[in-house]
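Below is one structure; the comments refer to it alone.
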Amino acid sequence: MKRVLAFLLAMVLAGCVSDGRSLRPGDDAGAVRAEMGTPALVVPLPDGGQAWFYPRGRVGRQTFRAELAPDGKLRKVEQVLDEQHFDQVIARKTTREELLRMLGPPAFQGRGSAKSEDYWEYTYYWGAQQPWLVRFGIDDQGLVTGQIRVSEMGGPAPGRM
């Protein structure tokens, strides 16, 4: 019974976690942690800052990225699992490390047998909260080779393929 209660309490608390809406640029790292909790992943940025990632929502279909400057001040908080961010990945030669800095931890990682390349999958919502999946191929040199977006309910893919 105690385990059941502990599980239910954890679920309730997880539902109360903030998406950072009340944070403003210039807030310090302590305010971000107080508002959003402990990040699931912290990635160093080339300029000395950090990106803190907070997967949220049902099965992690939203990931909030809090970007901190080298002085620990918040630059911005944004939800990064969306078409706009996926298009940015393909618009340039993105590396595995850049993909991690942009979108955070994938929901799933694997190795493709046909192309002999790694892939990272992110689940997200598109349109009227429809469940979608985007898969990025990553070659042995660590470059993103492409992406495919698939509806988990069937139907046409949004944006570019």
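Among the conditions (1) touching a residue at least 40 places away in the same chain (Cβ under 8 Å); (2) closer than 28 Å to Leu68 by Cα; (3) surrounded by 15 or more Cβ atoms within 10 Å (Cβ to Cβ), Glu97 misses just one, which is (3).
Yes or no, residue by residue, for (1) in a loop (DSSP other than H, G, I, E, B); (2) within 19 Å of the chain's Cα centre (by Cα); (3) modelled with pLDDT under 95:
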residue: Val4; (1), (2), (3): no, no, yes
residue: Gly20; (1), (2), (3): yes, yes, yes
residue: Asp47; (1), (2), (3): yes, no, no
residue: Glu98; (1), (2), (3): no, yes, no
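Counting only residues that are exposed (fewer than 15 other Cβ atoms within 10 Å of the Cβ), under 15 Å from Tyr124 (Cα atoms) and among the hydrophobic types (A, V, I, L, M, F, W, C), region 30-87 holds 1 of them.
Evaluate region 132-147: report whether one residue or more is at pLDDT below 90 and not aliphatic (A, V, I, L, M).
no
The values are calculated or read from the model by the stated rules, or taken from the named source; none is laboratory data. Computed from a predicted structure; not experimentally measured. A quick note on method: Cβ atoms are made from the backbone with ideal geometry, for glycine too, and the neighbour counts reach across all protein chains shown.
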